[in-house]
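One structure is given below, encoded as structure tokens.
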Amino acid sequence: MTEATTAKREQLKPPTSNVGLIGWLRTNLFSSWYNSILTVVILLFLAWLVPPLFRWAFIDSLWNSSAEACRDIDGACWSVIPNNIRFIILGFFPEGQEWRPLLAMALLLGLVIYSKERSRWKKSLAWLWLINILIMGSLMHGGILGMPVVETSQWSGLPLTFILSFFGMIVAYPMGILLALGRRSQMPAIKTLCVVYIEMIRGVPLISLLFMSSIMFPLFLPEGVTIDKVLRALIAIILFTAAYIAEVVRGGLQAMPRGQYEAADSLGLPYKHTMRLIILPQALKIVIPPSVGILLSVFKDTSLVVIIALYDVLKTTMVTLSNPNWAGYSSESYIFLALLYFIFCFAMSSYSRRLEKELHTGH
Amino acid sequence: MNDPQNHIDSDKTAKPIIEIHEMHKWYGDFHVLSNINLQVQPQEKIVICGPSGSGKSTLIRCINRLEEHQRGQIIVNGTELSNDLKNIEKVRAEVGMVFQHFNLFPHLTIIENLTLGPIWVRKTPKKEAEEMAMMYLEKVQIAEQAKKFPGQLSGGQQQRVAIARSLCMNPQVMLFDEPTSALDPEMIKEVLDVMIGLAEEGMTMLVVTHEMGFAKSVADRVMFMDEGEIVEQNSPDVFFDNPQHERTQLFLSQIL
Ligand SMILES: Nc1ncnc2c1ncn2[C@@H]1O[C@H](COP(=O)(O)OP(=O)(O)O)[C@@H](O)[C@H]1O
Ligand SMILES: [Mg+2]
């Protein structure tokens, strides 16, 4: 073999060897002098941070003790969680009735997990959801089958967070789609209405909408008529989220090639079928990532309802911390809460990635 | 203005399936089609050619109202095209269209692409629609791909699926807008063969194409358009061997 051909062969190989640990380190951590410096700096930082943190969280910590026992340690007092878990999760739900919100949440999560498989997306699933929602509602509210009535003012903690975010999402999403279609409508009245709505809502923070729905809105109602406070907060969340979903969906609709509309038109397909069967399935698939972003914010933003005196899971945690016994352990409580939020958010975003992959049809 | 009236009327007694009278179309101020008169008899095959931008696509897209005309009349299968949505949908269901870029629905399988129209427009039961779809897929020799997605097929295969999709609606007329010009050369023949087969079965066809071999062997009439007008139309023999107009001669000299 001549020199020339050897040289040519060499060029066919990948430029850097990324075989083995050394190769991996070289390509990923020390590929250039500034990467090397960055790596060293980060390693030093971690060496400074991780050991004490680990010691605090796992070695010097107490997991299930009284508040008194925690006074004598330097580490984390995780005991704050098990000692207050009842109130953090369920808040003011009456004593002895705990099984009701717990069962309702289990049903919700169970059905969410069941609905993950696309093969189960049939009409029967919608009915299953409807029945499930009725059961969950009865469990929470009571008043039938010998369950004492629990007013919504006593709904709090994680069930409240779930209710606000779940119904916020499932109502806001279709509403957002309708708004997006409306904004692209040929009919000027509908179009203007949708544009005004979307831009107005996007121009105000969620907090002010929550204030309006809890304080101003009742002023406009005739005397004697009251709308449930949780419902009012939910409406504010829905109105807010729908506007954002609308803009995301509109982006997806705009990304659709004209040929898709033309192909559907040339089959004689009416507008509603064209949208439902051709355009929306593709457009919504394109906007899965930003939609999930919005849904994640809804889930987290439900914690803003504290400002209108609803006790979601963040607020119940804060209440726990106002107990003098546990007042010093906010880091532990907030870490727990962060973990709780993270689990649900992470589940949502990994599911969305899976869905995206499943819906990819190779074009 | 030249008189673009028909030089041949294949069968004066039959009722034309498409009638266009003094039709004009503008895009904004741009007069894209001017005084179009055209009668198409059932089973007639017309090839439309002409330079790029001469309005060929616009003309056939007016026939199924993908584009709106501003003056004159277009009557398809007895239905005049106007703003009446019901009429438009009726005409579209009777007129199949094949696009340059196939425009298959990428999120649906091949068989779902084919059954969509029959199920939702014709209200055919799903099972029946699927049987019919398989029959047409056999016909375009692509039945084994029924469960795949369009993105997994070659261009030629996709175009044959697109033709089958139109056929599933049992159309009275088929419009083709440069069906082979987005294809790699080796795939052109498989699509043209399907179109030739269709022509032999007596389908009424309007084909915008530069495949002059196809025009010579299949067309009853070849039409030349330039700058929004029908400049000349004739039987293929006369059209190719003895073009009347200077513009036609120039065009033919450039493409043949
Ligand atoms: N939607 C449109 N808006 C404005 N002008 C258009 C539009 N579609 C086509 N045109 C113009 O109309 C003329 C005819 O277009 P077309 O019918 O596509 O020609 P052909 O198919 O013969 O190439 C071209 O000059 C083109 O630029
Ligand atoms: Mg064209």
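The values are calculated or read from the model by the stated rules, or taken from the named source; none is laboratory data. All figures in this text were calculated on a predicted structure; none of them were measured in a lab. Here the Cβ is made from the backbone with ideal geometry for all residues, glycine too, and neighbour counts use every protein chain on show.
Right, residue A:278: at the interface with chain B (Cβ under 9 Å from one of its Cβ atoms) and either in contact (Cβ under 8 Å) with a residue 12 or more places away in the chain or touching a strand residue (DSSP E or B) at 6+ places or on another chain (Cβ under 6 Å) (or both) or not? Against the criterion (at the interface with chain B (Cβ under 9 Å from one of its Cβ atoms) and either in contact (Cβ under 8 Å) with a residue 12 or more places away in the chain or touching a strand residue (DSSP E or B) at 6+ places or on another chain (Cβ under 6 Å) (or both)), residue A:278 qualifies.
Every residue, every condition in (1) of a type in the set (S, T, N, Q); (2) closer than 23 Å to residue A:232 by Cβ; (3) not in a helix (DSSP H, G or I), yes or no:
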position	(1), (2), (3)
A:279	no, no, no
A:282	yes, no, no
A:290	no, no, no
A:296	no, no, no
A:300	no, yes, no
A:318	no, yes, no
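Scanning region B:163-208 for residues that are more than 11 Å from the chain's Cα centre (by Cα), within 16 Å of ligand 2 (Cβ to nearest atom) and buried (at least 22 other Cβ atoms within 10 Å of the Cβ) turns up just one, B:180. Looking across A:157, A:146, A:176, one residue alone is surrounded by 21 or more Cβ atoms within 10 Å (Cβ to Cβ) and at positive phi. It is A:157. Scanning region B:96-117 for residues that are more than 7 Å from chain A (Cβ to nearest Cβ), crowded, with 20+ Cβ neighbours inside 10 Å and either within 16 Å of ligand 2 (Cβ to nearest atom) or farther than 15 Å from residue B:146 by Cβ (or both) yields a total of 3.
Close Cβ contacts (under 8 Å, 6 or more residues apart or on different chains) running from residues in region A:215-232 that are more than 20 Å from residue A:307 (Cα to Cα) and modelled with pLDDT under 80 to residues that are in a loop (DSSP other than H, G, I, E, B) and not charged (D, E, K, R) comprise A:221/A:227. The set of residues in region A:238-266 that are among the basic types (Lys, Arg) and surrounded by fewer than 18 Cβ atoms within 10 Å (Cβ to Cβ) contains only A:258. For beta carbons closer than 6 Å, sequence separation of 6+ or different chains, a first residue in region A:152-171 that is not assigned by TED's automatic domain parsing to the domain that holds residue A:232 and a second that is buried (at least 20 other Cβ atoms within 10 Å of the Cβ) and among the small types (Gly, Ala, Ser), there are no qualifying pairs. So is residue A:203 exposed (fewer than 13 other Cβ atoms within 10 Å of the Cβ) and under 27 Å from residue A:249 (Cα atoms) or not? Judged against the criteria, residue A:203 is a match. Suppose we keep only residues that are within 16 Å of ligand 2 (Cβ to nearest atom) and surrounded by fewer than 17 Cβ atoms within 10 Å (Cβ to Cβ) within region B:20-50. Which one would you say is farthest from the other protein chains (Cβ to nearest Cβ)? Selected residue: B:30. Of all residues assigned to region B:53-64, none qualifies as being facing another protein chain (nearest Cβ under 8 Å), more than 17 Å from the chain's Cα centre (by Cα) and either surrounded by 16 or more Cβ atoms within 10 Å (Cβ to Cβ) or closer than 24 Å to residue B:146 by Cβ (or both).
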